[in-house]
Amino acid sequence: MPTEPATRTARAGYHHGDLANALLEEGLALTRHGGPEAVTVREVARRVGVTPAAVYRHFADRDALVAAIAVRIQRQVAARMRAVEDDRRGDAHRPSARSRLRAVGLGYVGFALSEPGWFDVAFGSATALPGDVDPAALPAPLAALVEVLDDLVTEGDLPAAARPGAEWPCWSTVHGFALLALRGPLRALPREAQLQHAQRAVDAIIAGLLEPR
């Protein structure tokens, strides 16, 4: 796709190619504190210094722009999950799938509490389902969860027969907890208390998933 030439407006914020990336960066800035409602094609164009028509050369409509912003944020969530995993690694060896599953859950909740605006954008419209698409096309946090659940089967902690659909109780637990902490009865608690409750919720779902019945 051709890049947009230098801006023709008075704003001096955009002077070279890769307009699509510049638009996404401004979209990220808007949504960080304003959530998805903060994004309009006109406002993103104004901040970059191009006309709205230039935006439509890269994104079919506002929904397409927001979806692309969501993908960027989902990658950040996956990076947060990996960071939690690295913090808990403790040595040079790859941690067990069980400990990685815990890191995935706590990383998800931690991101939600730290970046509520981005969290709303990232998971308000994710629709790709495991088995329906190539794993590379899954939202990055869901792909990380799918990978670690598959590794649990490989390591013998999760029976293969229990693997199909296991991502949904796991994701529902951490997503529901995040909403309770952001907008529900847990929102008034100090962050440390929220994270302690998050650890208990994550440990409970792991125990329910992996403990023998």
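The values are calculated or read from the model by the stated rules, or taken from the named source; none is laboratory data. Just so we're clear, the structure is a prediction, and the values are computed from it rather than from any experiment. When we count neighbours, we look across all protein chains shown, and the Cβ atoms used for this are built from the backbone with ideal geometry, even at glycine.
Return yes or no: is Gly90 at positive phi, part of a loop (DSSP other than H, G, I, E, B) and at pLDDT below 90?
In short, yes.
Kindly indicate which of Arg46, Arg82 is assigned to a helix (DSSP H, G or I), at pLDDT below 90 and either buried (at least 16 other Cβ atoms within 10 Å of the Cβ) or in the same structural domain as Leu142 (by TED's automatic domain parsing) (or both). Give the derivation first.
Working: Arg46 fails: at pLDDT below 90.
None of the others qualify; the one that does is Arg82.
When Arg191 is tested against (1) farther than 25 Å from Ala29 by Cβ; (2) modelled with pLDDT of 95 or more, exactly one condition is not met: (1). Number of residues in the stretch 170-213 that are within 22 Å of the chain's Cα centre (by Cα) and assigned to a helix (DSSP H, G or I): the value is 28. Scanning the stretch 147-169 for residues being over 17 Å from Ser96 (Cβ atoms), within 23 Å of the chain's Cα centre (by Cα) and part of a helix (DSSP H, G or I) gives a total of 3. Here Phe59 passes the criteria (1) within 19 Å of Ala198 (Cα to Cα); (2) at pLDDT 85 or above except the one numbered (1). Sub-8 Å Cβ pairs linking a first residue in the stretch 98-115 that is within 9 Å of Val84 (Cα to Cα) to a second residue that is of a type in the set (S, T, N, Q) and assigned to a helix (DSSP H, G or I), at least 6 apart or interchain, are Leu106/Gln199, ordered by first then second residue. For Ala29, are the conditions met, namely being hydrophobic (A, V, I, L, M, F, W, C), surrounded by fewer than 16 Cβ atoms within 10 Å (Cβ to Cβ) and at pLDDT below 95? No: the conditions fail for Ala29.
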